[in-house]
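Reading through the structure tokens given below for one structure.
The values are calculated or read from the model by the stated rules, or taken from the named source; none is laboratory data. Remember, predicted model here, so these are calculated numbers, not experimental data. Here the Cβ positions follow ideal geometry from the backbone for every residue, glycine too, while neighbour counts run over all protein chains shown. These area figures cover heavy atoms from the full protein model, side chains too; ligands, DNA and RNA do not enter into them. Shrake-Rupley method; radii C 1.70, N 1.55, O 1.52, S 1.80 Å.
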Amino acid sequence: MNEQRPFLFGRALCYGLLLLAAYLISTTTAPLEILGYRLDLIGCVASAVTLMEGPYFGMAFGVFTGLAYDMGRSGIEGLFPMYYMLFGIAAGIFANRFLRRIFPSMLLLTVASVLGLAMFRLLGIFLMQQHFDLLLYAQRVCGQAMITAALSPLVYLPARTIYRRFH
């Protein structure tokens, strides 16, 4: 058990640096946009870590991912850590049961993360009874999911390297 502790700390530190890099890319003062959609790799990190490490590590890392998301975006404080914690648990259980640690699995979890976050925001809009264009919102969500999925290898490859290094 004592031999596992340095590996756990090393993995957590490396995944934290990966989250920091994604945070800096996603929340710069001049937000990076591709085809009019904001670059958001923070959810990719949560998906990659959950796929590689399972539900317990995914849950713990989801809280830190949500905190990073809260610091970089505006919104109700504390809801993003809760969302990413629940996503880490659910995606970790699903990944352990049905998925392998390969890129298409991470792609599936990334798109699920983006769509789940969009549904979470949509619920908030309905609860606040704001009027908005649903088709325009759906277009933004699909565009965000495609851009995030297209750039997810930038997160998957370092996460896979970290996993292989420490296992």
- Query: For the stretch 58-101, how many residues meet the condition of being outside any helix (DSSP H, G or I) and under 23 Å from LEU17 (Cβ atoms)?
  - Reply: 2
- Query: So which of ALA159, ALA112 is in contact with a Leu (Cβ under 7 Å, 6 or more places away or on another chain) and closer than 24 Å to ALA90 by Cβ?
  - Reply: ALA159
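Would you say ILE89 is within 25 Å of LEU8 (Cα to Cα), aliphatic (A, V, I, L, M), touching a residue at least 12 places away in the same chain (Cβ under 8 Å) and open to solvent by 60 Å² or more (accessible area, probe 1.4 Å)?
Working: within 25 Å of LEU8 (Cα to Cα): yes; aliphatic (A, V, I, L, M): yes; touching a residue at least 12 places away in the same chain (Cβ under 8 Å): yes; open to solvent by 60 Å² or more (accessible area, probe 1.4 Å): no.
Judged against the criteria, ILE89 is not a match.
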- Flagged pairs (Cβ under 9 angstrom, 6 or more apart or on separate chains; first in the stretch 135-163, more than 17 Å from ILE34 (Cα to Cα) and free of Cβ contacts under 8 Å to residues at least 24 places away in the same chain; second open to solvent by 50 Å² or more (accessible area, probe 1.4 Å) and aromatic (Phe, Trp, Tyr)) are LEU157/PHE103
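Does PHE120 meet the test of being out of contact with any strand residue (DSSP E or B) (no Cβ under 8 Å at 6 or more places or on another chain) and open to solvent by 80 Å² or more (accessible area, probe 1.4 Å)?
Details: out of contact with any strand residue (DSSP E or B) (no Cβ under 8 Å at 6 or more places or on another chain): yes; open to solvent by 80 Å² or more (accessible area, probe 1.4 Å): no.
No.
What residue, among those in the stretch 29-86 that are of a type in the set (Ser, Thr, Tyr) and modelled with pLDDT under 85, is most open to solvent (accessible area, probe 1.4 Å)? Even if it seems obvious, please write down each step before you answer.
Pass one, the stretch 29-86, residues of a type in the set (Ser, Thr, Tyr): 29, 37, 47, 50, 56, 65, 69, 74, 83-84.
Among the residues that remain, those that are also modelled with pLDDT under 85 are: 29, 37, 69, 74.
Numbers: THR29: 147, TYR37: 37, TYR69: 3, SER74: 110 Å².
So the residue we want is THR29.
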- Message: List pairs: first residue in the stretch 102-116 and open to solvent by 60 Å² or more (accessible area, probe 1.4 Å), second residue not in a helix (DSSP H, G or I) and not β-branched (Val, Ile, Thr) anywhere in the structure, Cβ distance under 9 angstrom, at least six positions apart or on different chains.
- Response: PHE103/SER152; LEU108/LEU99
